Amino acid sequence: MRARYGVPLGITAVAAAGLLYSAGFEARSFRLRRVTVPVLPSGMRPLRVLQVSDIHMVGGQRKKQRWLRSLAGLRPDFVINTGDNLSDPDAVPEVLDSLGPLMEFPGAYVFGSNDYYGPKPRNPARYLLEKTSGRHGLNGNPPAVGVIHNPWEDLRDGFDAAGWLNLTNTRGMLKVEGVSVELTGLDDPHIKRDRYARVAGGPSGSADFSMGVVHAPYLRVLDAFAADAYPLIMAGHTHGGQVCIPFYGALVTNCDLDTDRVKGLSTHTAEGHTSYLHVSAGCGTNRYTPVRFACPPEATLLTLVGRE
């Protein structure tokens, strides 16, 4: 009996323990990451930017909601929300309540696919298949059929009422204690809603600092921002790989970005220009795969300092 069943039972026990840890502990082990980015013009005072991303709120996630509210204690200069706030069409009030204290600060947002559409059960192995086949997201932009339509308009109205800038394929300007910050944003490339031609041309030169904001860090978008000489690009979407292998890292990014840059600070070069790229691992998961392993949920406080 031992020789025949010991190994399978042992493997099952280890798998069960791993699942319990990744769903019961790590997926709820929220933390703040701090990053310093040398992108500001020489002599400009530092700016503290809080990035929240991929909240994927489901009703009743009280610990996540308390943690998000607590981030206001950091008192950032401004907040960037890089999308995928929802994983439940009834969770808009809880998202707005959780982010309410942060909406007392200047801010801006873009949406991700999960803000527009409710999630569906999906075999996680499909992410690996998409990686090997080179296919990610939608192949076109036809009307969505057979999906849950989330009340994203209510989310938009709540953010707008608080004064946050809607960066859906447009530009906006924040004033932060006398400093002007130009933000250029795109709708979600994962579902082919990005329209870079509407915002092309690079920083206008009328602001003290300019940056790009997008939900999913697809290479076509990163190339466009970098070629237009934006010093910083901020994105989310990848969940940092969500389930990673210790001492190896992420297996997938859910887009065409390489796994070496699945989260954190890196760079991206196009047409002779190099931009800093920050990808947030986010603080949530799809409601049908509520696990994280070797990739805890996070928000990031970026301190932007002078280039020298």
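Accessible surface computed residue by residue for the chain, with neighbouring protein chains in place and a 1.4 Å probe, gives 45 Å² per residue. Each semi-axis of the equivalent ellipsoid for segment 186-276 is √(5λ) with λ an eigenvalue of the Cα gyration tensor; in descending order they amount to 25, 14, 10 Å. Measure up Lys63/Lys263; Lys120/Lys192; Lys131/Lys263; Lys64/Lys192 against 25 Å on the Cα-Cα distance and list the ones that go over. As for pairs spanning more than 25 Å Cα to Cα, those are Lys64/Lys192. Would you mind getting me the FRET efficiency between Asp90 and Ser29? Use the beta-carbon distance for r and R0 = 22 Å, nearest 0.05. After rounding, the FRET efficiency stands at 0.30. Of the beta bridges in the chain, as assigned by DSSP with both residues counted there, near 40 percent are antiparallel.
The slack in the chain from Asp157 to Ser266, taken as 0.36 nm per residue of separation less the alpha-carbon distance, amounts to 35.9 nm.
Placing a label point 7 Å from the Cα of Ser42 along the Cα-to-Cβ direction, the residues of segment 280-308 with a backbone N closer than 15 Å are 306-308. Partners of Lys175 within straight-line reach, counting aspartates and glutamates whose Cα lies under 19 Å from its Cα and excluding those fewer than 8 residues away in the same chain: Asp77, Glu104, Asp160, Asp208. Computed from backbone phi, the HN-Hα couplings of segment 202-219 come to x, x, 6, x, 8, 10, 6, 7, 10, 8, x, 9, 7, 6, 9, x, 6, 4 Hz, rounded to whole numbers (Karplus: 6.51 cos²θ - 1.76 cosθ + 1.60, θ = phi - 60°; Gly and Pro given as x). Taking 0.36 nm per residue of separation and subtracting the Cα-Cα distance, full extension of the segment from Glu104 to Thr303 would add 69.7 nm.
For the chain, the spread of Cα coordinates along the three principal axes comes to 76, 42, 41 Å, biggest extent given first. At the residue level, Phe105 shows approximately 30 square angstrom of accessible surface with a 1.4 angstrom probe and all protein chains present. Taking every pair of alpha-carbon atoms in segment 36-188, give the share separated by more than 23 Å as a whole percent. For segment 36-188, the fraction of Cα-Cα distances above 23 Å is 44 percent.
The values are calculated or read from the model by the stated rules, or taken from the named source; none is laboratory data. Please read all numbers here as calculations on a predicted model, not as lab measurements. Heads up, the Cβs are rebuilt from the backbone with ideal geometry, glycines too, and the neighbour counts pull from every protein chain shown. Surface areas here come from the heavy atoms of the whole protein model, side chains and all, with no ligands, DNA or RNA. Shrake-Rupley method; radii C 1.70, N 1.55, O 1.52, S 1.80 Å.
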